[in-house]
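See structure below.
The values are calculated or read from the model by the stated rules, or taken from the named source; none is laboratory data. Nothing here was measured: the structure is a model prediction, and the numbers come from that model. Because the Cβ atoms are built from the backbone with ideal geometry, glycine has one as well, and the counts that use them run over all protein chains shown.
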Amino acid sequence: MSSPAPPFVDLRSYLMFLESAGRLQRVHAPVDKQWEIACVARWAMESTPDEQRYAILFEQVKDHTVPVAVNLYASRALCAGALGVAPEAVLQHWAAALTTPHQPIRVETAPVQEVLETDSAASLLSLPVPVWTPGRDAGPYLSAGNVITKDPGTGVQNLGNYRLQIHDARRAGLFFGSRLQHGAIHCAKYHERGEPMPVAIVVGAPPAVNFAAAAKTAYGVDELTIAGGLMGAGLRVVRAKTVDLWVPADAECVIEGWVAPGAEQLEGPFGEALGYMDRAAPAAVVQVSAITHRRAPVHHGYVQQLPPSDGHLVMELGILGPLWYYVTCQLRLSGLRDLAILRGSAGVSALVAQVERSAAARAGEIGHVLAKIGFGQKFIYLVDEDLDIHDAETLNWGLSTRVDPERDVTIVPQAQTFQVDPAVLARAAAEGGHLSGPPYRSSLAIIDATVKCPIPEVSLPERAMMEHVLARWSEFGLPPIVPRQRLARLLATHSQAGS
């Protein structure tokens, strides 16, 4: 049987694709969801080079019959494969998806509703939801639960990834993180009317739905249309059983429920994507009305605490894709070649912009345009075409040798950020204030690391010599190697001695 090909209409076809590509590892040993799943996933991410990372399927979770999939998007290559494109084409794919979104296709019956559980049978405790920061989190979290809500006035749905703590069999904490999140706006609108908000939580979604849930888009955009754009065809949706919402028909599981006005409970602490524990605070509560799922579902979760994690990579694309679309298709900003999030910067803090050589003189202008968009970044690095912006070692080399701090660093003093990190806490303490909610006061640094004059030769052997040796590599009796993109880019740009 041939391997499934993108677009992947469900999670299981993506898992089959990963396995056929040698990028899925099955764990047959029994594991405890309270701590072992998170620890195994963490070691796998921390100890494996990016180009060799793989997804993991835990087939025997103690006290449960449902397997758990983690690290599904653990590298740039896996993320690109999930979208059906090459890594270097991901941003262009996002731009096409946002330019031509596809409306969902409504169906009457769906795999996700093969089993319907209501009343006492609808128990969150039956799901193998892991604890992601064992010994520190308040409990298990649906880290890859995508929350569907809708505007009570327009009826337009929203899809977002928010914190979801399992409180007990019928209740989950829903922490939006900011009143500016579109799901939080919906919740406020319902509660102003004195009405409960209907909610559907999608677990084990098709890859495009996971990426769309992370997308930073304008209010009023239904992210399920973006998922369709990423797939190149409308996403199949079915009406939920107990709430008036449309959910992905081919998901593994959907949790339906209501958020009543005034219903709050202490949520957290939780290990956040910044790499620090977030404090406990009151949050909304979802009262479960039904759980629907496939007959043999697969549970999916992100490890999204201290970087690196696959959750960070999904978050990065949710920022970079819409940002690339906005600056290149709407603002039509010229001179920008590529964008990346600096690896290890918690998915949001440090943006890297690659500037075309012909536009290097306008690097400062490009940096200020990106700064005004403001998705919470604290650093914007502007670099030349010869640097691989996805390679932290190369970026550090370029920043260390091409930046004069007095000349090339511009501080924007009144910037805002949405993250609570030690820097934000220190500013608040120094100013004698308290943190009531995002956005928070911060500053932003624009760092121009483009080349501003002729530079010395890069100290590499000539390209022809390096390529000749690479072609003969098997003759030397050395272990096989995978050439890094950073070296190929440097050799291509500085191809001859004296260039």
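Take L159 and decide whether it is under 16 Å from the mean Cα position of the chain (by Cα), in contact (Cβ under 8 Å) with a residue 60 or more places away in the chain and within 21 Å of A97 (Cα to Cα).
So L159 fits the description; yes.
Taking region 1-32 only, how many residues are in contact with a Phe, Trp or Tyr (Cβ under 8 Å, 6 or more places away or on another chain), buried (at least 17 other Cβ atoms within 10 Å of the Cβ) and part of a loop (DSSP other than H, G, I, E, B)?
Going through region 1-32 one residue at a time, the tally reaches 4.
When both residues are 6+ apart or on different chains and their Cβ atoms are under 6 Å apart, which pairs have a first residue that lies in region 57-69 and is modelled with pLDDT under 95, and a second that is surrounded by fewer than 20 Cβ atoms within 10 Å (Cβ to Cβ) and part of a loop (DSSP other than H, G, I, E, B)?
none
Kindly list the number of the only condition in (1) of a type in the set (D, E); (2) assigned to a helix (DSSP H, G or I); (3) within 25 Å of A89 (Cα to Cα) that fails for E475.
(3)
Of everything in region 33-54, what is more than 22 Å from the chain's Cα centre (by Cα), surrounded by fewer than 20 Cβ atoms within 10 Å (Cβ to Cβ) and closer than 16 Å to P67 by Cβ? Give them in sequence order.
Correct list: E36 only.
Return yes when G318 is buried (at least 20 other Cβ atoms within 10 Å of the Cβ), in contact (Cβ under 8 Å) with a residue 60 or more places away in the chain and part of a helix (DSSP H, G or I) and no when it is not.
yes
Select from region 436-465 the residues that are among the charged types (D, E, K, R) and within 19 Å of I389 (Cα to Cα) and write down the one among them that is modelled with the highest pLDDT.
Top of the filtered list is D448.
Scanning for something surrounded by fewer than 20 Cβ atoms within 10 Å (Cβ to Cβ), basic (K, R), out of contact with any Asp or Glu (no Cβ under 6 Å at 6 or more places or on another chain) and in a loop (DSSP other than H, G, I, E, B), does region 283-303 turn up at least one residue?
The answer is no; no qualifying residue exists.
So if I check each of V112, V129, V90, which one is in contact with a helix residue (DSSP H, G or I) (Cβ under 9 Å, 6 or more places away or on another chain) and surrounded by 15 or more Cβ atoms within 10 Å (Cβ to Cβ)?
After ruling out the rest, the residue left standing is V90.
Regarding region 461-480, can at least one residue be identified that is within 30 Å of G374 (Cβ to Cβ) and exposed (fewer than 11 other Cβ atoms within 10 Å of the Cβ)?
Going residue by residue through region 461-480, those that are within 30 Å of G374 (Cβ to Cβ) are none.
Scanning region 461-480 turns up no residue that is within 30 Å of G374 (Cβ to Cβ) and exposed (fewer than 11 other Cβ atoms within 10 Å of the Cβ).
Just to be sure before I move on: is L245 in contact with a Cys (Cβ under 8 Å, 6 or more places away or on another chain) and over 23 Å from V66 (Cβ atoms) in the structure I sent?
On the way: in contact with a Cys (Cβ under 8 Å, 6 or more places away or on another chain): no; over 23 Å from V66 (Cβ atoms): yes.
No; evaluated as a whole, the condition is false for this residue.
Could you check, for region 65-87, whether at least one of its residues is in contact with a Ser or Thr (Cβ under 8 Å, 6 or more places away or on another chain), within 14 Å of S309 (Cα to Cα), of a type in the set (F, W, Y) and not in a helix (DSSP H, G or I)?
no
Given the conditions (1) more than 23 Å from G145 (Cα to Cα); (2) over 19 Å from the mean Cα position of the chain (by Cα), and given that E59 satisfies all but one, which numbered condition is not satisfied?
(1)
Name every residue in region 88-104 that is more than 16 Å from L224 (Cα to Cα) and in contact with a Cys (Cβ under 9 Å, 6 or more places away or on another chain), in order of residue number.
Within region 88-104, V90 is the sole residue that qualifies.
Out of (1) touching a residue at least 40 places away in the same chain (Cβ under 8 Å); (2) surrounded by fewer than 16 Cβ atoms within 10 Å (Cβ to Cβ); (3) farther than 30 Å from R486 by Cα, the odd one out for P134 is which?
P134 satisfies every listed condition except (2).
I need every pair where a residue in region 97-122 that is assigned to a helix (DSSP H, G or I) has its Cβ under 7 Å from the Cβ of a residue that is small (G, A, S), sequence separation at least 6 or different chains.
Filtered contacts from region 97-122: A97/G229; L98/G229; P111/A249; V112/A249; V112/A251.
May I ask you to list the residues in region 49-64 that are part of a helix (DSSP H, G or I) and either touching a Cys at 6+ places or on another chain (Cβ under 8 Å) or more than 13 Å from P308 (Cα to Cα) (or both)?
E51, Q52
Taking strands (runs of 3 or more DSSP E) that fall entirely within region 162-223, which contain at least 1 residues that are surrounded by 21 or more Cβ atoms within 10 Å (Cβ to Cβ) and out of contact with any Leu (no Cβ under 9 Å at 6 or more places or on another chain)?
197-203
One line per residue, one yes/no per condition, for (1) touching a strand residue (DSSP E or B) at 6+ places or on another chain (Cβ under 9 Å); (2) in contact (Cβ under 8 Å) with a residue 24 or more places away in the chain; (3) of a type in the set (A, V, I, L, M):
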{"residue": "G335", "(1), (2), (3)": "yes, yes, no"}
{"residue": "A346", "(1), (2), (3)": "no, yes, yes"}
{"residue": "V383", "(1), (2), (3)": "yes, yes, yes"}
{"residue": "Q414", "(1), (2), (3)": "yes, yes, no"}
{"residue": "G432", "(1), (2), (3)": "no, no, no"}
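In this structure, does I255 turn out to be buried (at least 21 other Cβ atoms within 10 Å of the Cβ), assigned to a strand (DSSP E or B) and at pLDDT 95 or above?
yes
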